[in-house]
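The values are calculated or read from the model by the stated rules, or taken from the named source; none is laboratory data. Small disclaimer: the values here were computed from a predicted structure and weren't measured. Backbone-built Cβ (ideal geometry, glycine too); neighbour counts: all protein chains shown.
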Amino acid sequence: MDYSQLITVEPGKRSGQPCVRGMRITVRDVLEYLAGGMTVDELLADFPELTPEDVRACLAYAASHLPSSAA
């Protein structure tokens, strides 16, 4: 997935952390909610400004920043 249009980094916003579409919701925020057991539907209900595509972009961004496997 090409997340480059959905994940933005602005030095003056949230200390330069990657955010969703220029909002103040960071990739880390989304991942922490999901890791804490929140479902995507619950996340979208609590943050109606987010879309399912935004959540997928956060996952893709995180995956792209992990080291690649040696296999």
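For this structure, a couple of remarks:
- Count of residues meeting criterion [in contact with a strand residue (DSSP E or B) (Cβ under 6 Å, 6 or more places away or on another chain) and touching a residue at least 24 places away in the same chain (Cβ under 8 Å)] in the stretch 26-71: 4
- Matching residues in the stretch 14-32 - criterion: being surrounded by 12 or more Cβ atoms within 10 Å (Cβ to Cβ), of a type outside the set (Val, Ile, Thr) and part of a helix (DSSP H, G or I): 14, 28, 29, 31
- Any chance residue 35 is at pLDDT 95 or above and surrounded by 16 or more Cβ atoms within 10 Å (Cβ to Cβ): no
- Test: residue in the stretch 41-55 that is loosely packed, with under 10 Cβ neighbours inside 10 Å, assigned to a helix (DSSP H, G or I) and at pLDDT 95 or above: yes
- Of the listed requirements (1) touching a Lys or Arg at 6+ places or on another chain (Cβ under 9 Å); (2) part of a loop (DSSP other than H, G, I, E, B), residue 8 misses just one: (2).
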